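Asker: Take a look at the following structure, please.
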Amino acid sequence: MLARALSNLHRFSGQSARAIALRAELSPSYVYRLTAGERPPSWKTVRNYVIACDGEPNDLVDLWNAADEQEQLLPDGAGFDEVLARFQGAVRGLHLAEARPNPEAFVHALPDLAKHEISIMKSLLSTPPARRSGTLSWTATKALTVALHGDSDRIRQQWNALRAAAPRSRLLTQAFG
(Lines give C-alpha, C1' and ligand atoms only; values in the text may rest on other atoms or scores of the structure.)
Protein backbone atom coordinates (compact mmCIF):
# COMPACT_ATOMS: atom_id res chain seq x y z
CA MET A 1 0.00 0.00 0.00
CA LEU A 2 2.91 2.35 0.66
CA ALA A 3 4.07 2.22 -2.97
CA ARG A 4 0.51 2.89 -4.19
CA ALA A 5 0.22 5.88 -1.85
CA LEU A 6 3.58 7.25 -3.01
CA SER A 7 2.63 6.74 -6.65
CA ASN A 8 -0.74 8.47 -6.16
CA LEU A 9 0.91 11.31 -4.28
CA HIS A 10 3.29 11.79 -7.22
CA ARG A 11 0.39 11.80 -9.67
CA PHE A 12 -1.64 14.28 -7.58
CA SER A 13 1.35 16.60 -7.25
CA GLY A 14 1.40 17.20 -11.01
CA GLN A 15 5.21 17.21 -10.96
CA SER A 16 7.61 15.16 -13.02
CA ALA A 17 9.59 12.38 -11.37
CA ARG A 18 12.72 14.41 -12.09
CA ALA A 19 11.33 17.47 -10.26
CA ILE A 20 10.31 15.39 -7.25
CA ALA A 21 13.69 13.65 -7.22
CA LEU A 22 15.47 17.00 -7.24
CA ARG A 23 13.32 18.39 -4.41
CA ALA A 24 13.65 15.17 -2.35
CA GLU A 25 17.39 14.86 -3.04
CA LEU A 26 16.91 11.45 -4.71
CA SER A 27 17.79 10.10 -8.11
CA PRO A 28 14.95 9.87 -10.65
CA SER A 29 15.52 6.12 -10.95
CA TYR A 30 15.14 5.75 -7.18
CA VAL A 31 11.85 7.68 -7.34
CA TYR A 32 10.58 5.18 -9.91
CA ARG A 33 11.66 2.27 -7.72
CA LEU A 34 9.88 3.82 -4.72
CA THR A 35 6.59 4.17 -6.55
CA ALA A 36 6.91 0.66 -7.98
CA GLY A 37 7.51 -0.80 -4.53
CA GLU A 38 10.84 -2.30 -5.55
CA ARG A 39 12.79 -1.04 -2.56
CA PRO A 40 11.80 -0.60 1.07
CA PRO A 41 12.65 3.05 1.74
CA SER A 42 13.84 4.59 4.99
CA TRP A 43 11.47 6.91 6.82
CA LYS A 44 13.72 9.86 5.95
CA THR A 45 13.39 9.01 2.24
CA VAL A 46 9.60 8.71 2.48
CA ARG A 47 9.34 11.96 4.42
CA ASN A 48 11.49 13.86 1.91
CA TYR A 49 9.53 12.39 -0.99
CA VAL A 50 6.17 13.31 0.55
CA ILE A 51 7.31 16.85 1.27
CA ALA A 52 8.64 17.15 -2.30
CA CYS A 53 5.15 16.15 -3.51
CA ASP A 54 3.59 18.81 -1.23
CA GLY A 55 2.00 16.08 0.87
CA GLU A 56 1.65 15.52 4.60
CA PRO A 57 4.23 13.07 5.99
CA ASN A 58 1.97 12.07 8.90
CA ASP A 59 -0.42 10.52 6.39
CA LEU A 60 2.18 7.89 5.49
CA VAL A 61 3.66 6.98 8.87
CA ASP A 62 1.39 3.98 9.38
CA LEU A 63 1.78 2.75 5.80
CA TRP A 64 5.55 2.96 6.16
CA ASN A 65 5.43 1.11 9.48
CA ALA A 66 3.26 -1.61 7.90
CA ALA A 67 5.56 -1.92 4.88
CA ASP A 68 8.55 -2.17 7.20
CA GLU A 69 6.61 -4.65 9.38
CA GLN A 70 6.97 -2.43 12.41
CA GLU A 71 4.56 -1.96 15.25
CA GLN A 72 2.79 1.35 15.58
CA LEU A 73 4.69 2.70 18.53
CA LEU A 74 3.72 6.01 20.02
CA PRO A 75 6.23 7.86 22.16
CA ASP A 76 5.84 7.28 25.89
CA GLY A 77 3.47 9.83 27.31
CA ALA A 78 1.95 10.67 23.91
CA GLY A 79 -0.89 13.06 24.46
CA PHE A 80 -4.36 13.01 22.99
CA ASP A 81 -3.48 15.39 20.13
CA GLU A 82 -0.54 13.23 19.03
CA VAL A 83 -2.59 10.02 19.21
CA LEU A 84 -5.40 11.71 17.27
CA ALA A 85 -2.98 12.93 14.59
CA ARG A 86 -1.55 9.41 14.22
CA PHE A 87 -5.05 7.92 13.86
CA GLN A 88 -6.11 10.55 11.34
CA GLY A 89 -2.88 10.08 9.37
CA ALA A 90 -3.40 6.31 9.21
CA VAL A 91 -6.89 6.71 7.77
CA ARG A 92 -5.79 9.45 5.37
CA GLY A 93 -2.88 7.27 4.21
CA LEU A 94 -5.32 4.48 3.32
CA HIS A 95 -7.44 7.03 1.45
CA LEU A 96 -4.37 8.20 -0.48
CA ALA A 97 -3.39 4.60 -1.34
CA GLU A 98 -6.85 4.18 -2.87
CA ALA A 99 -6.34 7.31 -5.02
CA ARG A 100 -8.44 9.56 -2.79
CA PRO A 101 -11.96 8.58 -3.81
CA ASN A 102 -14.43 11.46 -3.50
CA PRO A 103 -15.25 11.64 0.24
CA GLU A 104 -18.89 12.59 -0.35
CA ALA A 105 -19.72 9.64 -2.59
CA PHE A 106 -17.39 7.22 -0.84
CA VAL A 107 -18.72 7.79 2.67
CA HIS A 108 -22.35 7.71 1.60
CA ALA A 109 -21.74 4.26 0.08
CA LEU A 110 -20.76 2.85 3.49
CA PRO A 111 -23.55 0.98 5.29
CA ASP A 112 -25.32 1.96 8.50
CA LEU A 113 -23.51 5.15 9.49
CA ALA A 114 -24.94 7.72 11.85
CA LYS A 115 -25.29 11.22 10.40
CA HIS A 116 -22.57 12.64 12.65
CA GLU A 117 -20.20 9.83 11.59
CA ILE A 118 -20.78 10.63 7.92
CA SER A 119 -19.88 14.24 8.61
CA ILE A 120 -16.75 13.29 10.57
CA MET A 121 -15.56 10.86 7.88
CA LYS A 122 -16.10 13.35 5.07
CA SER A 123 -14.10 15.98 6.96
CA LEU A 124 -11.35 13.50 7.77
CA LEU A 125 -10.95 12.48 4.12
CA SER A 126 -11.19 16.00 2.68
CA THR A 127 -8.08 17.73 1.42
CA PRO A 128 -7.27 19.76 3.39
CA PRO A 129 -9.11 18.07 6.24
CA ALA A 130 -11.96 20.07 7.72
CA ARG A 131 -12.36 20.36 11.47
CA ARG A 132 -15.33 18.51 12.97
CA SER A 133 -16.21 17.48 16.49
CA GLY A 134 -17.54 14.10 17.48
CA THR A 135 -16.50 10.48 17.68
CA LEU A 136 -16.47 7.51 15.37
CA SER A 137 -17.69 4.14 16.63
CA TRP A 138 -15.50 1.13 16.01
CA THR A 139 -18.20 -0.23 13.66
CA ALA A 140 -17.99 2.92 11.50
CA THR A 141 -14.20 3.03 11.67
CA LYS A 142 -13.94 -0.63 10.64
CA ALA A 143 -16.36 -0.09 7.74
CA LEU A 144 -14.22 2.80 6.52
CA THR A 145 -11.00 0.81 6.93
CA VAL A 146 -12.35 -2.23 5.07
CA ALA A 147 -13.71 -0.03 2.26
CA LEU A 148 -10.22 1.49 1.93
CA HIS A 149 -8.66 -2.01 1.86
CA GLY A 150 -6.76 -1.34 5.07
CA ASP A 151 -5.70 -3.60 7.90
CA SER A 152 -8.50 -3.28 10.44
CA ASP A 153 -6.30 -4.75 13.21
CA ARG A 154 -3.75 -1.93 12.77
CA ILE A 155 -6.45 0.74 12.71
CA ARG A 156 -8.18 -0.87 15.71
CA GLN A 157 -4.98 -0.47 17.73
CA GLN A 158 -4.91 3.21 16.92
CA TRP A 159 -8.64 3.62 17.55
CA ASN A 160 -8.19 1.98 20.97
CA ALA A 161 -5.21 4.21 21.75
CA LEU A 162 -7.27 7.24 20.80
CA ARG A 163 -10.14 6.18 23.07
CA ALA A 164 -7.70 5.53 25.93
CA ALA A 165 -5.89 8.86 25.49
CA ALA A 166 -9.01 11.00 25.28
CA PRO A 167 -10.03 12.82 28.41
CA ARG A 168 -13.64 11.83 29.07
CA SER A 169 -15.04 15.31 28.35
CA ARG A 170 -12.99 15.71 25.14
CA LEU A 171 -13.86 12.27 23.86
CA LEU A 172 -17.48 13.21 23.55
CA THR A 173 -17.03 16.67 22.12
CA GLN A 174 -13.72 17.01 20.31
CA ALA A 175 -12.29 13.64 19.31
CA PHE A 176 -12.12 14.56 15.66
CA GLY A 177 -12.03 18.32 15.81
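Asker: When the accessible area of segment 77-135 is computed with all protein chains present and a 1.4 Å probe, what percentage of it is carbon and sulfur?
Answerer: Details: 1410 of 2750 Å².
C and S fraction of accessible area: 51 percent.
Asker: Where q = 0.18, 0.22 Å⁻¹, what log10 of I(q)/I(0) comes from the Debye formula for segment 1-96, counting one point per Cα?
Answerer: The Cα Debye sum returns log10 ratios of -0.76, -1.08.
Asker: Tell me the per residue accessible area of the chain using a 1.4 Å probe; a whole number in Å² is fine. Walk me through the numbers on the way to the answer.
Answerer: Numbers: 9150 Å² over 177 residues.
That works out to 52 Å² per residue.
Asker: Starting from the Kirkwood radius over alpha-carbon pairs of the chain, derive D by Stokes-Einstein at 25 °C in a medium of 0.890 mPa s and give it in µm² s⁻¹.
Answerer: Details: Rh = 16.7 Å.
My calculation gives 147 µm²/s for D.
The values are calculated or read from the model by the stated rules, or taken from the named source; none is laboratory data. Quick caveat: nothing in here was measured; it's all calculated off a predicted structure. Calculation scope for accessible area: heavy atoms of the full protein, side chains included, ligands and nucleic acids excluded. Shrake-Rupley method; radii C 1.70, N 1.55, O 1.52, S 1.80 Å.
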